[in-house]
1. For residue 227, only one of the following conditions fails: (1) at pLDDT below 85; (2) part of a loop (DSSP other than H, G, I, E, B). What is its number?
2. Would you confirm whether or not the stretch 240-251 contains a residue that is more than 28 Å from residue 51 (Cα to Cα) and in contact with a helix residue (DSSP H, G or I) (Cβ under 7 Å, 6 or more places away or on another chain)?
3. Only one residue in 71, 60 is over 30 Å from residue 120 (Cβ atoms), touching a helix residue (DSSP H, G or I) at 6+ places or on another chain (Cβ under 8 Å) and modelled with pLDDT of 85 or more. Which one?
4. Could you please let me know if residue 265 is at pLDDT below 85, surrounded by 14 or more Cβ atoms within 10 Å (Cβ to Cβ) and within 30 Å of residue 41 (Cα to Cα)?
5. Among the residues of the stretch 156-187, which ones are under 22 Å from residue 116 (Cα atoms), part of a loop (DSSP other than H, G, I, E, B) and touching a helix residue (DSSP H, G or I) at 6+ places or on another chain (Cβ under 9 Å)?
6. If the Cβ limit is 7 Å and pairs must be 6+ apart or interchain, which residue in the stretch 260-277 that is farther than 15 Å from residue 21 by Cβ pairs with which residue that is in a helix (DSSP H, G or I)?
7. So for the stretch 200-222 (the condition being over 19 Å from the mean Cα position of the chain (by Cα), assigned to a helix (DSSP H, G or I) and more than 27 Å from residue 68 (Cα to Cα)), does at least one residue qualify?
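The values are calculated or read from the model by the stated rules, or taken from the named source; none is laboratory data. Please read all numbers here as calculations on a predicted model, not as lab measurements. FYI the Cβ positions are ideal-geometry reconstructions off the backbone, even for glycines, and counts take in every protein chain you see.
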């Protein structure tokens, strides 16, 4: 008749130890799985934050470049307009000149063409500025970043400046009024005085465009601050992500450790059963 396997108290003890370590190994395996889910969610959050950081840095650079573009473009346009119109007025006047009249007429035509060219330069410069500005403010990532900041507890200052810049860039200037109504051959004081309101309107239009440099400077600085803040938060998230990774590694190590201890205790259990059932 076949005998059954006898279990001593010692064998039951090692069976309990084996079951305990196996249970711990399963528990830590599940904790590893849960930790991986947390890490995936954390990684998604970090990726989104990285996109936001890059978007804010890009916005800072674009607005900074726009500030310099407007500043130097407007300064050159205004300076050229002042110089050319004053020179044309002088050439039209009866003041004594050390030039022959035919040479004066030739020079005046060149200056008139350059003055008219300022209108086209201003039109192109304003159009290019608007294209660059729209490219950044209509970017989906930029819009998402701005909307995210606007819904936060603290007010988002750049939004007001963006709206004001949009109003200025969308404003339609009557460039042709200057070309059509300005009398480039005005000689008398009365004729040159009549030119002043036409000149002033065009001059003020360029000054209004020039003031955009202040708005773009504010935006560049505001987005620099937002970038610095977001960049700091991003690196804090990276530190937390590293901690989550380390926690996962520790959980894996504990799981492996308990698996080994369970196998070792199982070996001892088999040894005891073999010795006790000879």
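1. (2)
2. yes
3. 60
4. So residue 265 fails the test.
5. Matches in the stretch 156-187: 171, 173, 174, 182, 183, 184, 185, 186, 187.
6. Pairs that qualify, where the first residue is farther than 15 Å from residue 21 by Cβ and the partner is in a helix (DSSP H, G or I), are 272/10; 272/11; 272/14; 273/11; 276/11.
7. No - not one qualifying residue is present in the stretch 200-222.
Yes/no per residue for (1) outside any helix (DSSP H, G or I); (2) in contact with a helix residue (DSSP H, G or I) (Cβ under 9 Å, 6 or more places away or on another chain); (3) surrounded by fewer than 16 Cβ atoms within 10 Å (Cβ to Cβ):
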{"site": "96", "(1), (2), (3)": "yes, no, yes"}
{"site": "103", "(1), (2), (3)": "no, no, yes"}
{"site": "106", "(1), (2), (3)": "no, no, yes"}
{"site": "124", "(1), (2), (3)": "no, no, yes"}
{"site": "136", "(1), (2), (3)": "no, yes, no"}
